[in-house]
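Remarks on the structure that follows.
What follows draws every value from the coordinates through simple rules; no lab data is involved. Predicted, not measured: the structure shown is a model, and the values here were computed from it. Cβ atoms come from the backbone with ideal geometry, glycine included; neighbour counts cover every protein chain shown.
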Amino acid sequence: MRWRIGYRLRNALIVGGSVGMGLFGWQTLTADVPSRPPAVDVCGLVRPETVARLVPDASRPAIERGGRGYVLCVYTGWAGVGTHRDEVVLWFGYHRHTRTDGESAVRRARADVGDWRCTRCRPRPTPVRIGDESYEHGLTYADDRRQTAQVTARIGTVTVAAELDTAYAARDAMFEAVRNLAQEVAARCRAEC
């Protein structure tokens, strides 16, 4: 009789330990991880020469928190002369995704890169892939003058975004410039973000 109690106790300890380890493993896999604060100078991800080329008379950069957790660097400037003078806006930034609500960080980054702020257009893959995957889309405003070009790219769990908004550039030139900008941000972000 005594050996039966010892046998049952040993089996109960093995089952209890296995269940406890399983619950611990489940908790670590599905735990919500808070996003770490940005430790990277987002405006330092792009060379000053690039900004000077894209934004004439550029203002001092402003660092902003964008939607979806992005850290953005925003430059504004002016192009044109007299009554035809118009504002140029350039911004770029990144977001490091973390696991949350049981969803992996890579899955969240994939969803973010393909579904960026484009409500009236459909993103298409960039001609040359940037990072693990990249998309671009553009928009012409109602006045048929001002337009915007955006590029988003994913590098593992980091999403990089860049946008140029101006009335003084041809559409193809805008996309080429924003692709180059996104490549520059992605190259530095791969090492620093």
Q: For region 87-193, just run the numbers: alpha carbon Rg, then divide by 2.2 N^0.38 Å, N being how many residues it has.
A: 1.07
Q. Which Cα, out of VAL151, CYS73, PRO125, lies furthest along the positive dipole direction of region 62-193 (beta carbon charges, K/R +1, D/E -1)?
A. PRO125
**Q.** Inter-label distance, nm, simple model (7 Å from Cα along the C-beta direction), ARG10/GLU176
**A.** 7.7
